[in-house]
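Computed from the coordinates by the stated procedures, all read-outs in this text should not be read as laboratory data. Everything numeric in this text was worked out from a predicted model, so none of it was measured. Positions of Cβ are generated from backbone atoms using ideal geometry, with glycine treated the same way; all protein chains shown enter the neighbour counts.
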Amino acid sequence: MALLKSTKILTGVGAQAPVLAVLQLRASSWWTEVQMGPPDPILGVTEAFKRDTNPKKMNLGVGAYRDDQGKPFVLNCVRKAEAQIAAKKLDKEYLPIGGMAEFSKACAQLALGPDNEVLKSGRSITVQTISGTGSLRVGANFVSRFHNVSRDVYLPKPSWGNHTPIFRDAGMQLKAYSYYDPKTCGFDFKGALDEISKIPEKSVIVLHACAHNPTGVDPRPEQWKEMAALIKKRNLLVFFDMAYQGFASGDIDRDAWAVRYFIEQGHNILLSQSFAKNMGLYGERVGGFTVVCKDAEEAKRVESQLKILIRPIYSNPPMNGARIASTILNTPELYKEWLVEVKGMADRIIKMREMLVSNLKKEGSTHNWQHVIDQIGMFCFTGLKPEQVERLIKEFSIYMTKDGRISVAGVTSANVGYLAHAIHAVTK
Amino acid sequence: MVIHTRNCSWWTEVQMGPPDPILGVTEAFKRDTNSKKMNLGVGAYRDDNGKPYVLSCVRKAEALIASKMLDKEYLPIGGLGDFNKACAELALGPDSEVLKSKRSITVQTISGTGSLRIGANFLSRFHTVARDVYLPKPSWGNHTPIFRDAGMQLKAYRYYDPATCGFDFTGALDDVSKIPEHSVIMLHACAHNPTGVDPRPEQWKELSAVIKKRKLLVFFDMAYQGFASGDIDRDAWAVRYFLEQGHSVLLSQSFAKNMGLYGERVGGFTVVCADAEEAKRVESQLKILIRPIYSNPPMNGARIASTILSTPELRSTWLEEVKGMADRIIKMREMLVTNLKKEGSTHNWQHVIDQIGMFCFTGLKPEQVERLTKEFSVYMTKDGRISVAGVTSGNVGYLAHAIHQVTK
């Protein structure tokens, strides 16, 4: 009865009826039950940083490289590659589903080394992906669809935050193995071996190839060797995440050593690569996903299924970044220049680590800060406790994530002294 | 020992996937040595010389962008803010009440496919009242795996009438009137792919009313705005009409064809909500969904599209160029029919002119298509679909001749 009444009222109102009718319709909603999602933890840090008016403020949450003036850095080799590409007046036709062939080839060669037996025998397939995340997700989806013998993916503890939803949304179950030792701010080698030795056969194990994110703690070569042997004994499927090749030590071959060693030892791995950091191509979204197979015939089958998987996600990958990366990797002078520039970035990071420690000592800190120098890559797990991190933010306007992780990329020769002073003040 | 380990394989059970049907056409075309060969499978625009076409407004935008020496920092998860705003305005119109009340959210996506997949994933996660997505029969081939891989169930409603090579309006209304409440219904906003058959405005109005009565969740796929009629507002008419009628739609947009940005992967996904507060909740969940797929979208194409849409002279140039592309397609349709008549064909080819957009469902049967391929080196998909973009004033006569030969 009430509904009928309201209809009468609507028709009685004449000219206003259509507006009221629209109002009535607009109230209908499909998404009433959709909850507001939790705020992004790292974004929260950046937003608080932006609001801060302290001229000495420092943003150590940033996951992107900064030069010694604290500015984003576009590599020279990238600018040159862009100029070369622009001059060619290329078209914008769709790439193949698996991406740009010259890029995929060079991407694989960079990781595996140009003389790698895997590449010579054609027993791997590399597809261009939407940077590292896109690569990991394609891999997660592939494993979910075709690795039916197990649903479990083992991540190091801790791992990059996004690994968890990537594998979970792809339908896998997340587990963990011991990795970081908060007592030493170093690698829990014994704990890792112990837990890996108990992982059920055929589970997937994720390994950070170099510059572990978020801890900066990498296994030493002898430790990698023992892990490779144990992982082979447990018959696990290895999934390497290599987001920092070249960016960690400054040497692309050294940073790829673990990946190449595992392959030599007979592991048929999955591998995700990103060019976001080592080529500074962040927003261009350049990456690769590789499956090392038994032989070329298997690689062809796997390739066909990767394409079937990719097509209903995004059809084919973005061209611009891949053209830049491919130009750099395939043009000798640009490739040389890139190696120099990536070493330059890695060296600056290493220098900031050293300066931070020497400044802490100068401040009079008696703590052992060796881990700041031993850790590698963009991030450093300082060992600071949440209360100390809170004080750094509130009293010194130094912003980092609550786990005490700092992005060394956000440190410059001009602010490292202030940082050391602040850290000493909250830890003495 | 190394040989022993190399024999172990994780992927022994992985089957070779079926070959891509359209790729097969292109590959056979490449192998053909006939100088008169025509590739009418191509899903990309070609100019009157049969060449890929980069719009001059795109080149200008690229030059502008290059001169700014911008950095390459990550975009936000939802993409370039300026792009999203312009993208939504293009579809909904700048005076849209939806935009004024901020009750929609638009995120930048990896072209149309990426947009559809985000939408499919969003539905799968949050539209828990129904699992069914109704596609027109036929629809773009990739729609099916997009929704299926996202966890939805595919169903269909009648759309194309092979007897008329036109719209099966009665059949569509009949099927749509029986769709269970709250199901998702996919509508091609303009230039239906693959048939080229679009409802007329009066037909859209009736569809809108039935869909509202059935309480269906509308998902518009608009991959050809501007490219269909040459007029961006006309091509968006159905989307805007549905919004006026109170449907809170999902909308996928692509700039692959209308800006020729194919490989740059530029698109948008929009959710129209009840109010601004709901739009905020939906936005937060879209970001949570997107982050573990690709973190944030590619910058280059979005910068180009955004520059064009918000720079008056470039936007004007773009509107002319997109009209130019649409006009050439329309002209080729007309020339094809004229030439078929000149050849002496007595069949009714009116549908070639009535259909709109890049594709044309010729009505040719598989045996006729086979003959066209084998005897004339004219390549198309087995369903008789041709890409009118592959037709030029230089080859339309040959095409008409060939079609007449296999249909007389």
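Worth a mention:
- Convex hull of the stretch A:82-230 built on C-alpha atoms - directionally averaged projected area, nm²: 11.8
- Put simply, the amide H of B:LEU187, placed in the peptide plane, has neighbours under 5 Å in B:PHE219, B:PHE220, B:ASP221, leaving out anything fewer than 5 places away on its chain.
- Calculated from backbone phi, Karplus (6.51, -1.76, 1.60) coupling profile of the stretch A:294-311 in Hz, x at Gly/Pro: 5, 7, 5, 5, 5, 4, 5, 5, 4, 4, 4, 6, 4, 5, 5, 6, 6, 3
- The stretch B:77-154 and the stretch A:318-333: distance between their alpha carbon centers, rounded to Å: 32
- Hull-based mean projected area of the stretch B:319-376, where the convex hull spans the alpha carbons, in square nanometres: 4.8
- Largest first, the extents of the alpha carbon coordinates of the stretch A:270-401 on the three principal axes equal 62, 37, 30 Å.
- Taking every C-alpha pair closer than 8 Å and separated by at least 6 residues, the mean separation divided by the residue count of chain A gives a relative contact order of 24 percent.
- Gaussian network model of chain A, springs between alpha carbon atoms under 10 Å - residue of A:ARG254, A:ARG234, A:ARG220 with greatest fluctuation: A:ARG220
- Dimensions in Å of the stretch B:96-179 - Rg and Dmax from alpha carbons: 15.5, 45
- Here the Debye sum runs over all C-alpha atoms of the protein assembly as shown as equal scatterers in vacuum, and log10 of I(q)/I(0) at q = 0.08 Å⁻¹ comes out as -0.76.
- Long-range tail of P(r) for the stretch A:94-330 (Cα pairs > 29 Å, %): 21
- Neighbourhood charge, 11 Å Cβ-Cβ cut-off, centred on B:ILE146 and excluding it, Lys, Arg +1 and Asp, Glu -1: +1
- Order of A:TRP338, B:TRP140 - criterion: other Cβ atoms within 10 Å of each residue's Cβ, fewest first: B:TRP140, A:TRP338
- Residues with amide H under 5 Å from that of A:SER124, placed H, sequence gap 5 or more: A:CYS293
- Equivalent ellipsoid dimensions for chain B as semi-axes, Å, which come from the Cα gyration tensor, largest first: 34, 27, 25
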